[in-house]
Amino acid sequence: MRKNLPSPPEGAIDMQLPPRQRLLAAARALFAQHGIRAVGVESIAEAAGSNKMTLYRHFESKDVLVAEYLRALAHEADGFWAQLVAAHPADPRAQLSAWLDAMMQGLNSGRGCALANAAVELPEKDHPARPIIEAHKIGTHHQLVELCRAAGVPQPELLADELFLLLEGARVSSQSVGPNGPGAQFRQMAERLIQAHTTH
């Protein structure tokens with residue numbers, strides 16, 4: 001039997017939303033607080049002011065609900081790249097610097113990457129969320145390669161690999177040893193990598 005979980009923070013779920021959106025909002029809030037595995041459909045339905053019958057009417061299973069939750073997160077994250085371009089048009093170096101700022105802000109939040117966390121919690125290759133997680137990470141790496149290329153980096157693929165791995169490691173460090181651990185040096189390390197690739 002699953003233990004009763006604390007309710008999501010007040011205001012985390014807009015009860016005026018249609019049932020499907022309320023269920024997704026409840027899942028998002030609870031998964032962020034407790035992790036995917038720890039949260040049952042009963043808790044999600046209760047937090048959404050709904051019931052299991054309604055949940056299963058909209059989502060075939062919890063796995064399908066998890067996949068839809070992660071699909072929404074990936075879509076939001078993908079929109080970040082367009083925001084970079086809009087904030088710093090025709091200036092890829094500034095976009096790269098802004099990317100570092102945003103990643104550092106995420107590290108300081110202590111929450112890590114929800115999609116990376118999900119990859120750890122959902123190791124089964126046939127889980128419906130796996131293709132979503134993998135496509136997002138591959139897409140993120142591709143965007144980083146293209147940003148490095150636009151910034152005039154001679155070996156954009158290599159720098160993107162290094163920055164990607166550095167970020168993933170910094171996220172794990174921040175979650176495991178706190179914000180003052182090695183992850184706190186992410187920006188300084190990343191800037192050194194960029195400098196090494198752009199200094200001739």
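Residue count for the range 141-167 satisfying the condition of being in contact with a Pro (Cβ under 9 Å, 6 or more places away or on another chain) and outside any helix (DSSP H, G or I): 2.
Screening Gly110 against (1) of a type outside the set (Asp, Glu); (2) surrounded by 14 or more Cβ atoms within 10 Å (Cβ to Cβ); (3) within 13 Å of the chain's Cα centre (by Cα); (4) modelled with pLDDT under 95 leaves a single unmet condition, (2).
Considering only residues that are over 24 Å from the mean Cα position of the chain (by Cα) and crowded, with 16+ Cβ neighbours inside 10 Å, which ones fall in the range 151-163? First the steps, then the outcome.
Just the residues of the range 151-163 that are over 24 Å from the mean Cα position of the chain (by Cα), to begin with: 151-155.
Correct list: Ala151, Val153.
Check the range 49-68 and report whether any residue there is without any contact (Cβ under 8 Å) to a residue 12 or more places away in the chain, under 26 Å from Ala170 (Cα atoms) and of a type in the set (Asp, Glu). Looking through the range 49-68, none of the residues is without any contact (Cβ under 8 Å) to a residue 12 or more places away in the chain, under 26 Å from Ala170 (Cα atoms) and of a type in the set (Asp, Glu). For the range 85-122, a residue qualifies if it is among the hydrophobic types (A, V, I, L, M, F, W, C) and either outside the structural domain of Ala190 (by TED's automatic domain parsing) or free of Cβ contacts under 8 Å to residues at least 24 places away in the same chain (or both), and the qualifying residues are Val85, Ala86, Ala87, Ala90, Ala94, Ala98, Ala102, Ala119, Val120.
Looking across the range 142-191, the residues that are farther than 23 Å from Gly110 by Cβ and polar (S, T, N, Q) come down to Gln143, Gln155.
The set of residues from the range 173-194 being over 15 Å from Trp99 (Cβ atoms) and surrounded by 17 or more Cβ atoms within 10 Å (Cβ to Cβ) comprises Ser173, Ser174, Gln175, Gly183, Ala184. Comparison of Leu24, Leu84, Leu65, Leu55 shows that the only residue that is closer than 22 Å to Gln143 by Cβ and buried (at least 16 other Cβ atoms within 10 Å of the Cβ) is Leu84. From the list Leu96, Leu122, Leu115, pick out the single residue that is buried (at least 17 other Cβ atoms within 10 Å of the Cβ), under 17 Å from His75 (Cβ atoms) and among the aliphatic types (A, V, I, L, M). The unique qualifying residue is Leu115.
The values are calculated or read from the model by the stated rules, or taken from the named source; none is laboratory data. Fair warning: this is a prediction, and the values are worked out from it, not measured in the lab. Glycine gets a Cβ as well: all are built from the backbone with ideal geometry, and neighbour counts include every protein chain shown.
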